[in-house]
Amino acid sequence: MNHKFNFNNELRDKIALVTGGTKGTGKAIAERLLKAGATVVITARNKPEHLQENLYFISADLSKIEGTQRVAEEVLGKFGRLDILINSLGGSDTKGGGFAVLTDEDWVQTIHTNLLAPVRLDKAFLPQMLMQKSGVIVHIASIQGRLPLHDSTLPYAAAKAGLINYSKGLSKEVSPKGLRVLTVSPGWIMTESSARMMERISESSDVSIEKATQSVMDALGGIPIGRPAQPEEVAELVGFLVSPRANYLTGTEFIIDGGTIPTI
């Protein structure tokens, strides 16, 4: 079959929602979908000072049930449907020190943000997607779902492992009904927050930024490609996966880690 796609306008007439879309990887994904012609809605707890033109912003705390309900009601109320859902929100605020220093609240908050928020959003939008017999859901997980770091991010790693498993199960249920469900698991991404972390390590350890970066890569067991990913590189993968060019892809986890995981 010979399909010709206009990559610059291939998401025209599509409504997309990107959670955590105001910074880091979420922001890069939102901008990538916007360039492809989609109408893009982004969410975060706080509105950014400089919001890119043509992005529709909804303020919501997706770690809470009422936050996901608000987003679903506003998107469906304004646009009538959703075609692309990118569950990009995630992160870890737990302190270092291993399992002994982790509280119940650490676990609950991390699981709500990284696992239950995507589950709730999916549930809110799936009925409408199933009715129109089309839609793409992408869960942004992490290689920590397979390669957990026990010192400070164990709840995050466990939540992402759950997200990967859930995503696969959901795909088997809804793919026969016209929907595609995919997982993208990045390795270390050099976001603005990662860059600030390198500065802190550099200052506290009295080493260069380069050596601080290398120390983190060493802690991951090395990155064969020799550097962290850029947010735009992850966004480019997501842009392809939600496009018509990827219509036969569903139920798959795509790892983008520069070769960090030694084997699958």
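Per-structure values
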quantity	calculated
Sequence-distant aspartates and glutamates (8 or more away, or on other chains) whose Cα lies within less than 18 Å of K133	D13, D83, D122, E173
For the chain, built as a Gaussian network whose Cα springs stay under 10 Å, the top-fluctuating residue of P148, P176, P118	P176
C-alpha long axis of helix 209-219 to longest principal axis of the chain, angle in °	80
The chain - charge dipole about Cα centre, Lys and Arg +1 at Cβ, Asp and Glu -1, debye rounded to 20	1020
Computed Kirkwood radius, in angstrom, where 1/r is averaged over Cα pairs of the chain	19.0
Solvent-accessible heavy-atom area per residue, rounded to whole Å², over the chain at 1.4 Å	52
Extreme residue, positive dipole direction of region 7-141, given options N8, I29, A100 (C-beta unit charges)	N8
Mean-position separation - Cα centroids, region 140-169 and region 75-130, in angstrom	13
Longest segment of the chain lacking trypsin sites (Lys or Arg not before Pro) that sit in a DSSP loop with at most 10 other Cβ atoms within 10 Å	134-264
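The values are calculated or read from the model by the stated rules, or taken from the named source; none is laboratory data. Just so it is clear, the model here is predicted, and its values are computed rather than measured. Because the Cβ atoms are built from the backbone with ideal geometry, glycine has one as well, and the counts that use them run over all protein chains shown. In case anyone asks, the SASA skips ligands and DNA or RNA and just uses the protein heavy atoms, side chains included. Shrake-Rupley method; radii C 1.70, N 1.55, O 1.52, S 1.80 Å.
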